[in-house]
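Each reported figure results from applying straightforward, stated rules to the coordinates on display, with no laboratory input. Only a predicted model underlies this, so the values are computations on that prediction, with no experimental measurement involved. Heads up, the Cβs are rebuilt from the backbone with ideal geometry, glycines too, and the neighbour counts pull from every protein chain shown.
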Amino acid sequence: MTYSDTYLRQILTESKTIAAVGVSTNPIRPSYFVARYLNLKKYRVLPVNPVYVGQQLFGEAFTPAMAALPQDLKVHMVDIFRRPDQVMPVVVDAIELLLPRGLKTIWMQIGVINEEAAALARAAGLNVVMDRCPKIEHQRLFGELRKGGFNTGIISSKL
């Protein structure tokens, strides 16, 4: 899967509220690192995981499912931290519940590829990203990796 920098940058710029499905409170889990980074970059990260109901992550209460998110809340992106075989129900719920509330993007984390779910999301008019991490892409596209000496492939006069 190839995505243009313009496509990814637009998604990351326009998304302000992200439902993180399957995120963990365990600080050594990749999902925690991603959610923490996005939160530090001023995204509102809504943690969705039934295992942690009653707890909070970065000031946001865990919900057991997307259906439990506040009805008046706009959600721009669903970031999926689930196995590929568990993605379809998440996408179906996202389309049904969140599309009317501003959903624009389904993002599947590194290693998560589900072509059938992606096709369904695209048919609903959503942007889809698979097998990528929004944290890594944000760092790459907005100059943070460059500061560490990495060649990001992006030409800029910024240091």
Residue list for region 98-109, restricted to those being touching a residue at least 60 places away in the same chain (Cβ under 8 Å) and among the β-branched types (Val, Ile, Thr)
105
Output the number of the condition that residue 39 fails; it satisfies all remaining conditions of (1) without any contact (Cβ under 8 Å) to a residue 24 or more places away in the chain; (2) assigned to a helix (DSSP H, G or I); (3) under 26 Å from residue 119 (Cα atoms); (4) not aromatic (Phe, Trp, Tyr).
(3)
Selection count, region 63-97, where residues are touching a residue at least 40 places away in the same chain (Cβ under 8 Å), part of a helix (DSSP H, G or I) and under 20 Å from residue 43 (Cα atoms)
2
Is region 79-87 home to any residue that is buried (at least 16 other Cβ atoms within 10 Å of the Cβ), in contact with a Gly (Cβ under 9 Å, 6 or more places away or on another chain) and hydrophobic (A, V, I, L, M, F, W, C)?
yes
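Taking the stated definitions as given, is residue 90 out of contact with any His (no Cβ under 9 Å at 6 or more places or on another chain) and buried (at least 17 other Cβ atoms within 10 Å of the Cβ)?
Numbers: out of contact with any His (no Cβ under 9 Å at 6 or more places or on another chain): yes; buried (at least 17 other Cβ atoms within 10 Å of the Cβ): yes.
When the stated conditions are applied, residue 90 passes them.
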Condition met for residue 4 (under 12 Å from the mean Cα position of the chain (by Cα) and of a type in the set (S, T, N, Q)):
no
Among the residues of region 4-24, is there at least one that is part of a loop (DSSP other than H, G, I, E, B), free of Cβ contacts under 8 Å to residues at least 24 places away in the same chain and not polar (S, T, N, Q)?
no
